[in-house]
1. Output the qualifying pairs, or none if there are none: Cβ atoms under 7 angstrom, residues six or more apart or on different chains, first residue in the range 292-316 and without any contact (Cβ under 8 Å) to a residue 40 or more places away in the chain and within 20 Å of D436 (Cβ to Cβ), second residue part of a strand (DSSP E or B) and not hydroxyl-bearing (S, T, Y).
2. What's the total number of residues in the range 229-241 that are modelled with pLDDT under 95 and open to solvent by less than 20 Å² (accessible area, probe 1.4 Å)?
3. Which of (1) of a type in the set (D, E, K, R); (2) in contact with a helix residue (DSSP H, G or I) (Cβ under 8 Å, 6 or more places away or on another chain); (3) open to solvent by less than 10 Å² (accessible area, probe 1.4 Å) does R95 not meet, given it meets every other one?
4. I need every pair where a residue in the range 435-453 that is over 26 Å from L392 (Cα atoms) and modelled with pLDDT under 95 has its Cβ under 7 Å from the Cβ of a residue that is part of a loop (DSSP other than H, G, I, E, B) and not β-branched (V, I, T), sequence separation at least 6 or different chains.
5. Scanning the range 242-260 for residues that are small (G, A, S) and crowded, with 23+ Cβ neighbours inside 10 Å, which turns out nearest to I171 (Cα to Cα)?
6. So, V366, is that one within 21 Å of L46 (Cα to Cα), assigned to a loop (DSSP other than H, G, I, E, B) and among the β-branched types (V, I, T) or not?
7. Sort out which residues of the range 242-272 are at pLDDT below 90 and of a type outside the set (G, A, S), and write them in order of number.
Amino acid sequence: MDQAEAAALLAQPYRLGPVTLRSRIVKAPTSTGAAEAAGHVTQWHLDHYARVGRGAALTIVEFTAIDDRTAPGFPGHLSIASDDHAAGLAAVAGRIRAGGGVPGLQIAHAGRQRTLPGESLAASAVPWPAVERRLGLRPRAITVDEIAEVVAGFGAAAGRAAAAGFAVLEIQAANGYLLAGFLSAQTNRRDDDYGGDPLRRRRLLLEVVARCRAGLPAAVALTVRLSDRDHEPGGQDLAETADLVRALAATGQVDAVHVSSGNHETRVRQVPPAAVAPGDAWRSAHQLRATGQGITVIACGGITEPVQAATLLRDDSADLVALGRAFLADPDWAGKALAGRGEQIRPCVRGNDGCHARGALIGRPVSCTVNPSLSHPSRAESSVFNRKAPVLVAAAGPAGLEAAHRLTRLGHRVRVHTAGRLGGGLRDAVDSGVHDSFAPYLRWLTARLAGSGVEVVDTPCGSDELAGDWAGLVVATGGRAHPLPGAVPALDVLRGAVPVPPDGPVVVIGAGRTGTTTAAALARRGAGVTLIGDTDRVLDAEPPDDPPTWTDLLTTLGVRMLLGTRAEVTGPGRVQVPGWDLPAALVVAAVGRRPRPDLVDAAAEAAAGRPVLACGDARTPGRLHDAVHSGARAARSVDEALRLGRVGR
């Protein structure tokens, strides 16, 4: 399927109960943590959802708490607990409508997945293990009287949402939140009318559905978000979910089910990271659509590309397709997809770094690895400063390319010195054959550069360039590997500068990002690989979804892992760890990086007051998120310095 065919499928209108949608594209509700302390809307919500709503047919505004006591899950959660909250949300709905989209709102109660101080309520006193370990929080089993209050709270929230102008209301009964906790036997261990067999475990959800429907005008559609399964031992399975979908359809009160997967404990199923192929929830959506008595099915979970989304429609897996993280990466996703310009969409790399590891999981507002403007909107250009200053960017990895793009957008004349390595460390990751999700982003960066007006030079930025006419310099030359006597650097192996012995074991020392990438790449080439790390798990400093998923990946590839131990290269082809003496045909070092200061130091001497900014690994070694955002900050800093008058000779 090409982009034009995908656009045609996605552009088909759809009738969702009483609401007509102009296309099949839905913005999935994605918690952003961007509300002010009391749960009120901020300017960020107005701007972000207005932009998304210009393209998406249905924009479902994120998880919104039904009360201010136990329903919010973490800092920055939106609330619809009062008419004051609803007034702010009404402005969001209005902005979405102004762009031609249909506004929707998801209402929810966090249940055991609450990280805020104070009490949390759940079907039973079964904690979310991660929160119990980190914060010592355990939920209390909700009483029957409190259940009645929750039902009333959902009903009141539904009424406020309709009054605020939302045409679609979604009940969050997935992903481990309160209502989902009642559905699963793993988290619902009650012996009253709300626990036990599946019929009693679904009672609360059916009561909430009935109360919400009773409080909604006939012109408002009602949807329910469900997990296909919770992926926990003894928990909710697909057969139970299919029965539940049939029960919801039989009520005549629900217009659609929005099929997700997992909960926060099994989060890699809910928001599949790069090392986990998406598709489990899509296959479940297909099965539920076939057995759901005609109820509309919305598919979600790792959809990033128009062809991917359109294929789900073509194959009758879903009636509508919902995207969450992809709209964080590119709020204009829908408009580009519908115009057949899918190649222009800034791709989501599914790293779960800015949106989860640096966002919800630590109680901070959402950001995006590949889209710094999500959290730092671009400043309007000044009408009084004549930008056209010549700016050099040394190296063209993700940090340098982001800096070059932003400086060009601000009106500067930019020249990038690629040193023959367009993409830098990102290209190394793609060429390894391990990080498939990075490849679309590298293609997009390359295409953006080609159309940007940036002058591209294949040579390094050296002494001749420093002696030339420039007003500002961004140094993005990456980092230098820490040496390990007796071992070859991992990048030399990945780039083919050091051959891999056709027979004989390979030992990789270092279980961080470079070490695991190298181990996986060599194992895929047929090498027998032992990975040694001094941490208790691989990728210990990476986003929390990565250690378990990469452990599974490496195990599948046959990589032997020796973790929590230190290695010493004792001689040619010999590596020693406590209790082991390992022979090795090749010893590979991946023990960290340090900044490369050479060009920064040389430029500082030649600068004569002109701004010189280092970014990416040339400043502080980090992850892709760090590189991209560092490049954006460097561009802003150079621009600000030049606006203040420190322009070159």
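1. Close Cβ pairs (under 7 Å, with a partner that is part of a strand (DSSP E or B) and not hydroxyl-bearing (S, T, Y)) amount to I303/V321; I303/L323; L312/A299; L312/V321.
2. Result for the range 229-241: 3.
3. (3)
4. H435/A274; S437/A274; S437/R350
5. Only one residue tops the list, namely A256.
6. Values: within 21 Å of L46 (Cα to Cα): yes; assigned to a loop (DSSP other than H, G, I, E, B): yes; among the β-branched types (V, I, T): yes.
The answer is yes for V366.
7. Within the range 242-272, N263, H264, E265, T266, R267, V268, R269, Q270, V271, P272 qualify.
Residue-by-condition table, conditions (1) among the charged types (D, E, K, R); (2) touching a Pro at 6+ places or on another chain (Cβ under 9 Å); (3) under 18 Å from C615 (Cβ atoms):
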position	(1), (2), (3)
V393	no, no, yes
A396	no, no, yes
A399	no, no, yes
E402	yes, yes, yes
H405	no, no, yes
R409	yes, no, yes
V416	no, no, yes
L422	no, no, yes
D436	yes, no, no
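The values are calculated or read from the model by the stated rules, or taken from the named source; none is laboratory data. Everything numeric here is computed off the predicted structure, so don't read it as measured data. Please note: Cβ atoms are built from the backbone with ideal geometry, for glycine as well, and neighbour counts cover all protein chains shown. These area figures cover heavy atoms from the full protein model, side chains too; ligands, DNA and RNA do not enter into them. Shrake-Rupley method; radii C 1.70, N 1.55, O 1.52, S 1.80 Å.
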